Amino acid sequence: MTEEVIDMAEQVKKSDQEWRQELSPEQFNVCRQKGTERAFTGEYYDCKDKGVYHCSCCGNELFSSDTKYDSGSGWPSFWAPIAAENVTTESDNGWMMQRTEVLCSQCNAHLGHVFNDGPQPTNLRYCINSVALKLTTDES
């Protein structure tokens, strides 16, 4: 019996129907249709647990609790991704605003937005939807 090895650098591509079967309706809306959860309602906005935040769609490692901070925005905020290559950004001019969208580099899930008003050392605030994340704690 051979064990299947998955190359984590490989792009994850699924149809909307496949994503709908795997994700909750809120996860699908946020991650696949670029929605936003309401501020101060997400599972991780006030979470202080230590660990690694993964993409809720594909499991890609995105952020460490070591870079998480309370921005007061109502969404989990980080000053840096766990590795630059694990997220991508693109211009988002929706809602009559200019913002920078943050995406999972592996499955292209919408995660949230990044702003230039964060703390040192990066001055960045990655403002991320909780439903786009899955925390693996150090105790797991």
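Results, tabulated for the structure shown:
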item: N93-D138 FRET efficiency (beta carbon distance; Förster radius 30 Å; 0.05 resolution); result: 0.15
item: Heavy-atom surface of segment 43-140, accessible at 1.4 Å and reported per residue (Å²); result: 49 Å²
item: Efficiency of FRET from Cβ geometry, Q17 and D117, R₀ 30 Å, rounded to 0.05; result: 0.20
item: Nitroxide proxy distance, nm - points 7 Å out along Cα→Cβ at D66 and T41; result: 3.4 nm
item: Top of C107, C127, C47 by mean-square fluctuation, Gaussian network on the chain, Cα under 10 Å; result: C47
item: Charge dipole magnitude, Cβ of K and R +1, D and E -1 - segment 11-111, Cα centre, debye nearest 20; result: 120 debye
item: Fraction of accessible area attributable to carbon and sulfur, segment 80-123 (%, probe 1.4 Å); result: 50 percent
item: Choice from L62, L23, L103 showing the highest fluctuation, given a GNM over the chain with Cα pairs closer than 10 Å; result: L23
item: Estimated [θ] at 222 nm from DSSP helical runs (n ≥ 4, -39500 (n - 2.57)) normalised by residues in the chain, nearest 500; result: -1000 deg cm²/dmol
item: Cα-Cα separations in the chain greater than 21 Å, expressed as whole percent; result: 40 percent
item: Cα principal axis extents for segment 82-127, largest first, Å; result: 29, 26, 12
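The values are calculated or read from the model by the stated rules, or taken from the named source; none is laboratory data. Note that this is a predicted model, so its numbers are computed, not measured. Cβ sites come from the backbone with ideal geometry, for glycine too, and all protein chains shown count toward neighbours. Keep in mind that these areas ignore ligands, DNA and RNA; they rest on the heavy atoms of the full protein, side chains included. Shrake-Rupley method; radii C 1.70, N 1.55, O 1.52, S 1.80 Å.
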